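Take a look at the structure set out below.
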């Protein structure tokens, strides 16, 4: 079946977001990344930063963060309770699921992150991809884009990917970065970001193509 | 750097060999698969079937097989002993390493299996790939190609992939089918074998291109 929707999972610093955005621009289709966070925040009452962090941590590690942040948003906690007593984490996951499924229902698009490959796994019109690169390539890229930080680039990569891996495992039961989860995986450092975008765009059927 | 050599690792029944062969034909470059086995057998004195089986099993599972098969080839065991007392398994690995490195030294080619992605990982001119597909696709494909067997297609897939996974882990220390081991992974069932071959050929620089 033709593929209209691209999901992009990615290692931190691999350029997965830039590649996803380039594909969306080439095909003139919507690109969703922070939009998912924005809509989840809007529907749940939690603030965007909290929703974004929830999407990067496995629940076991965020108990304190949840308590402190949620204290300022009693109405959000109320909404979670109202959904058959779901925990905040599961409540956010249910809404994230709804938001992503709804975006996909609206037609061709690119969705980056948010376990969108798993959430849309039963749709035949999605191309699920994973972008990765060597540690050296990613370290140089994040230094160039985000500058020096308190931690070394290597530590920042390990921290961020470790969180993504744990979060993905918790919500999907699958191993992050396993070829079999995706239709295609690409090493952006070796192939080049422009080539990756071109290749992915060539595999999608967009309006007017 | 330009990529002249393609290595193809693959799930059983995914069509990885057919795809590799198609790429070699499109680019008019040599295709190596059983040739690696043949050369290892020739250099070691073991028979081809034994070498092929050694390449599919992790050593722990093949002790009996080794003993029975090697009994008929004392000169091969002698050669292994002569190499600083290497075990038969390690001796075959050393020779496999030499054979694959030597094939790569001779210029552009396609090499399927034999941990060639790992063996050639430090060369800049190789494109390392992994081909996989859904269990349903692969089960139908092996039934079509190889017919019914004593075991169910699902069991045959699980057995063969389990052996490849264990063997790869033993010799390389890496997890088989992890995106980060390869420059590119493709779901042949979803993308189609012809499309996969075309895509891989487009990423290689062959003589005269």
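Every number in this text was worked out from the coordinates using simple rules, so none of it is lab data. Computed from a prediction, not measured in an experiment: that's the story for all the values here. We place every Cβ from the backbone using ideal geometry, glycine too, and count neighbours over all the protein chains shown.
Based on alpha-carbon atoms only, what is the radius of gyration of the range A:118-167 relative to the globular estimate 2.2 N^0.38 Å?
1.50
At residue A:160, label 7 Å along Cα→Cβ: distances to the other copies, nm, ascending?
For residue A:160, the other copies' label points sit at 4.0 nm, shortest first.
Expressed in nm to one decimal, what extension gain is obtained for the pair residue B:42 and residue B:146 from 0.36 nm per residue of sequence separation less their Cα-Cα distance?
Full-extension gain reported as 34.6 nm.
Taking 8 Å as the Cα distance limit and 6 or more residues as the minimum spacing, I'd like the relative contact order of the range B:5-203 as a percentage. Write down the numbers at each step before the final one.
Working: 261 pairs, mean separation 74.9, N = 199.
Contact order relative to length: 38 percent.
Obtain the radius of gyration and the Kirkwood radius of the range A:5-203 from its C-alpha atoms and give Rg over Rh.
Taking Rg over the Kirkwood Rh, I get 0.97.
How shielded is A:184-192 by partner chains, expressed as the average number of their Cβ atoms within 10 Å of its Cβ atoms?
Averaged over the peptide's residues, the number is 6.
Counting partner chain Cβ atoms within 10 Å of every residue's Cβ in A:131-143, what's the average?
Other-chain Cβ atoms within 10 Å of each residue's Cβ, averaged: 1.
I'd like the FRET efficiency for residue B:174 and residue A:34, computed as 1/(1 + (r/R0)^6) with the beta carbon distance as r and R0 of 30 Å, rounded to 0.05.
0.30
Hey, with R₀ at 41 Å, roughly what FRET efficiency would residue A:205 and residue B:49 work out to, going by the Cβ-Cβ distance, to 0.05?
Taking R0 as 41 Å, the efficiency between residue A:205 and residue B:49 is 0.35.
Under the convention of a label 7 Å out along Cα→Cβ, give the distances in nm from residue A:43 to the same position in every other copy, shortest first.
5.8
Just to be sure I understand: chains B and A are related by a rotation, so which residue of B has its Cβ closest to that axis, and how close in Å?
B:185, 2
How many nanometers, to one decimal and shortest first, lie between the label point of residue B:144 and those of its other copies, if labels sit 7 Å from Cα toward Cβ?
So the label point of residue B:144 gives 4.4 nm to the other copies.
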